[in-house]
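The values are calculated or read from the model by the stated rules, or taken from the named source; none is laboratory data. What you see is a predicted model; the values in this text were computed from it and never measured. FYI the Cβ positions are ideal-geometry reconstructions off the backbone, even for glycines, and counts take in every protein chain you see.
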Amino acid sequence: MRPNILLLLPDQWRGDWMPDTTADLPLRLPTLAKLAAQGTVFEHAFSPSPLCAPARACFASGMQYPRCGVASNQENYPPELPTVYQHLRNGGYQVMGCGKFDLHKASYSWGPEGKNSLDSWGFSDGIDNEGKIDGILAYRAGTPGPYLTFLEDKGLAWTHVEDYEARGIYGTTPTAVPDELYGDNYVAANAAALLDSAPIDRPWFLQVNFTGPHFPFDITHSMNEWYKDTPFPLPYLCDERKTGPDHLAIRRNYAAMMQNIDRRIADLLKHPRVAGNDRPTIIIFSSDHGEMLGDHGYYGKCKPFNGSLHIPMIMQGPGIEVGKRIATPVSLLDLTATILGLAQTEIPEAMESRNLVPCLSGAIVPAGEVTASLAIESEPYHCWEAIIDSFYKYILWEDGHEALFALDDYAEAHNLIGAHREEADGLRTKLQETLHETL
């Protein structure tokens, strides 16, 4: 029997801010801890391009960044490029999704009900809502998405807009939006409604795109109580003497957003269509990219450093080994072929995605290296390519600057490029062959 597949894909979730990592953070994520204990954890998972629209386009297409059709957040997903969702629907799945897909980020075209592009991408049903910042800009432009339309119906749209504009990226004061109307709780409610309406005569795929823990670091008053007195370590390689964001307050809010998502996931896992016995369900948890959180002096993403590039990845369900941890590198891109493999649906030969299904039930580990890249000409430091194997990460910036970091140097404090020239040259050759091959 082909399984149901629940893909949980929050936005901007760091790979080391998870249960049982070397970061040893005071996080309270019991649902994810249980998923990890009951399934397989990929300890070194990376984004193929750590920016919202490109990362999600890589996943949707199963193609590397240079060939995913979306170079930046200012480009929409090409309508002629097939999607994993189309393949699943053509294979007999009820394909559903909600939250922030970011496949048309360049245009505010969700529509107030979030239906405008879903059918063309391959969805059977869903609600495509705006991201945090996009929602504010679109509302100001007179083209609100589903979430701001929802808040407008509740009389809170302008309260939310003014709060975001006043707080900027780094503000940490609680929002006036109550728990029941908070963005990620809205997404989770939509996910539950989609499960309620899913047909019972065929398998379903549901992708839940939480808008957090992406900045701004807004949390509700009740969420503000969860970590208000909790200590957190300061960022890696960040000069404490410089004035700037309140790192501790931001980290507390970031953790609270994660804990809230963990609670919403717990609710979804209790849903009868997930927990019931009518059909087995595979659970996958990952993210599009991470968040620098002040490491190396940066916030946000777009960097080839671990805070930005490293993502969580857990798979749990029937046929997936329990308590297994895989240390060899994998990519968000690999989820495309893996999901098709789990769905027993044909994987197109042109896809640049690896099917990880054989790694989930036996001693096989993923083979080869993973790559990542970004090319935003207006931001020179955002033009780079990287390749990661089981020992090193090699980075090549457009200006020719290079770095080589040991995979176990999570802070990336020691550039080994001078001492390990031979290893760097070998990885550079593989990087060029992988990212620039002609298909």
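Looking across the range 410-433 at every residue that is among the polar types (S, T, N, Q) and closer than 23 Å to Q64 by Cα, the one that is surrounded by the most Cβ atoms within 10 Å (Cβ to Cβ) is identified as Q432. The condition of being surrounded by fewer than 22 Cβ atoms within 10 Å (Cβ to Cβ) and within 26 Å of L51 (Cα to Cα) holds for A327.
G244 meets each of the listed conditions (1) at pLDDT 95 or above; (2) over 29 Å from G145 (Cα atoms); (3) assigned to a loop (DSSP other than H, G, I, E, B); (4) not charged (D, E, K, R) apart from (1). Taking the range 105-146 as the range and being among the hydrophobic types (A, V, I, L, M, F, W, C), out of contact with any Cys (no Cβ under 8 Å at 6 or more places or on another chain) and closer than 25 Å to I5 by Cβ as the test, the residues that pass are W110, L118, W121, F123.
So that you can scan it fast, the table gives a plain yes or no per residue for (1) farther than 19 Å from R354 by Cα; (2) assigned to a helix (DSSP H, G or I):
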site: I5; (1), (2): no, no
site: P10; (1), (2): yes, no
site: G15; (1), (2): yes, no
site: D20; (1), (2): yes, no
site: L27; (1), (2): yes, no
site: K34; (1), (2): yes, yes
site: A37; (1), (2): yes, yes
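Picking from residues in the range 7-32 that are charged (D, E, K, R) and over 16 Å from E43 (Cβ atoms), the one that is farthest from the chain's Cα centre (by Cα) is R28. Residues considered: E80, E43, E75. Of these, the only one that is touching a residue at least 24 places away in the same chain (Cβ under 8 Å), surrounded by fewer than 21 Cβ atoms within 10 Å (Cβ to Cβ), out of contact with any strand residue (DSSP E or B) (no Cβ under 8 Å at 6 or more places or on another chain) and acidic (D, E) is E75. Residues in the range 330-376 that are surrounded by fewer than 18 Cβ atoms within 10 Å (Cβ to Cβ) and charged (D, E, K, R): E346, E349. When the range 291-322 is filtered for residues that are over 20 Å from C52 (Cβ atoms) and among the hydrophobic types (A, V, I, L, M, F, W, C), the ones remaining, listed by number, are I314, M315, I320, V322. Please go through the range 215-236 and pick out each residue that is part of a helix (DSSP H, G or I), of a type in the set (S, T, N, Q) and surrounded by 14 or more Cβ atoms within 10 Å (Cβ to Cβ). Hit for the range 215-236 is N224, nothing else. All conditions in (1) out of contact with any helix residue (DSSP H, G or I) (no Cβ under 7 Å at 6 or more places or on another chain); (2) within 27 Å of E75 (Cα to Cα) hold for Y139, with the sole exception of (1).
Out of the residues in the range 390-401 that are in contact (Cβ under 8 Å) with a residue 12 or more places away in the chain and surrounded by fewer than 18 Cβ atoms within 10 Å (Cβ to Cβ), which is nearest to the chain's Cα centre (by Cα)? Only one residue tops the list, namely S390.
From the list D278, D239, which residue is farther than 30 Å from V95 by Cβ and either crowded, with 16+ Cβ neighbours inside 10 Å or in contact (Cβ under 8 Å) with a residue 24 or more places away in the chain (or both)? Talk me through it step by step, then tell me what you get.
Details: D278 fails: farther than 30 Å from V95 by Cβ.
Answer to the selection: D239.
Residues in the range 358-385 that are under 17 Å from A337 (Cβ atoms), within 21 Å of the chain's Cα centre (by Cα) and assigned to a loop (DSSP other than H, G, I, E, B): P366, E369.
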